[in-house]
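Taking it in order: structure first as structure tokens, then the write-up.
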Amino acid sequence: MPQVRFLGHSCVTVTEGSHKLIIDPFLTGNPKAPVKADDIDVNFVLISHGHGDHLGDGIAIAKRNNATVIANFELANMCANEGVNIHPMHVGGRHDFDFGSVKLTIAHHGGGAGEDASRYTGPPVGFLVTIGGKTIYHSGDTGLFYDMKLIGEMNRIDLAFLPIGDNFTMGVDDAVKAVEFLRPAKVVPFHYGTWPLIETNPEDFKAKVTGAEVVILKPGETYDV
């Protein structure tokens, strides 16, 4: 059974046996992170887009662990230029790995790297990760989009991670509609409360969601999928 661990903001680890993945490893500079980048032991690093609060420590973690970065083609190649192993993919593509599979979905957001986000890193993406017989959807940063309904129709999602912080991503009400479209068995809210600008109450989200179990995780907490 895979286990997820929430590390604050949008950073999540997924482990199942010897398989260890981290998604959007923003730890250094993350006021909610319960661990440091040097504490992370993984085989794969998944990066949804190039913004610093998602790319984060991805390159350093990949180098130290000799791990493979999975990202869109442009972002993966930027990471390869820093000397890390990569597996480039793109929107709509799916690939089998030793732990299961990854499929990239669309996300509506930006994607530049650097302090001013001006370095082109391809489009933002979400991830459908299948591991240990379970499918986990990590939306990355995104606004609400109607194709979430198609994602839900074509995939049985056991656990979804969705942003609720508003301003840069969906807020609570749009995230509630996203749950309706995606039809996951369970959903974890994230990308909120890291800074005052995206402060919101996850209990408001939980109270409004129907048809799925809402699991609110504090940074550092784990959950068996």
Lysine pair number, Cα distance threshold 18 Å (strictly under), the range 3-216, separation 8 or more or different chains:
15
The range 3-216 - percent relative contact order, Cα under 8 Å, separation 6 or more
14 percent
Nitroxide proxy distance, nm - points 7 Å out along Cα→Cβ at T222 and S18:
1.9 nm
Going by amide H atoms built from the backbone, whose H comes under 5 Å of the H on H90, apart from near neighbours?
none
For D173, net neighbour charge (Lys/Arg +1, Asp/Glu -1) across residues whose Cβ lies under 10 Å away
-1
In the list (1) 23; (2) 36; (3) 32, the entry giving percent of Cα pairs over 27 Å apart computed from the coordinates is (1)
Förster-model FRET efficiency, 25 Å R0, D96 and A185, C-beta, rounded to 0.05:
0.60
Going fewest to most other Cβ atoms within 10 Å around each Cβ, V176, V209 line up as V209, V176
Tell me, what ³J(HN,Hα) does each residue in the range 75-84 have, in order and in whole Hz, if you take phi through Karplus 6.51 cos²θ - 1.76 cosθ + 1.60 with θ = phi - 60° and put x for Gly and Pro?
5, 4, 5, 4, 5, 4, 5, 9, x, 10
Pop out the ³J(HN,Hα) list for the range 12-24 in order, Karplus 6.51 cos²θ - 1.76 cosθ + 1.60 with θ = phi - 60°, rounded to Hz; leave Gly and Pro as x.
9, 9, 10, 10, 7, x, 7, 8, 9, 10, 10, 10, 6
Expected sort for I216, I59 with the fewest Cβ neighbours (10 Å cutoff) up front is I216, I59
How much length is gained on full extension from N77 to R64, taking 0.36 nm per residue of separation minus their Cα-Cα distance?
2.9 nm
What is the fewest-to-most order of K208, K20 by other Cβ atoms lying within 10 Å of their Cβ?
K208, K20
If you average the alpha carbon positions of the range 125-151 and of the range 21-60, how far apart do those two centres end up, in angstrom?
19 Å
Label points 7 Å out from Cα along the Cβ direction at E203 and V35: separation in nm?
2.9 nm
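We did not get these values from a lab; they are worked out from the coordinates using the rules stated. Since this is a predicted model, take the numbers as computed values, not measurements. Positions of Cβ are backbone-derived with ideal geometry, glycine not excepted, and every protein chain shown enters the neighbour counts.
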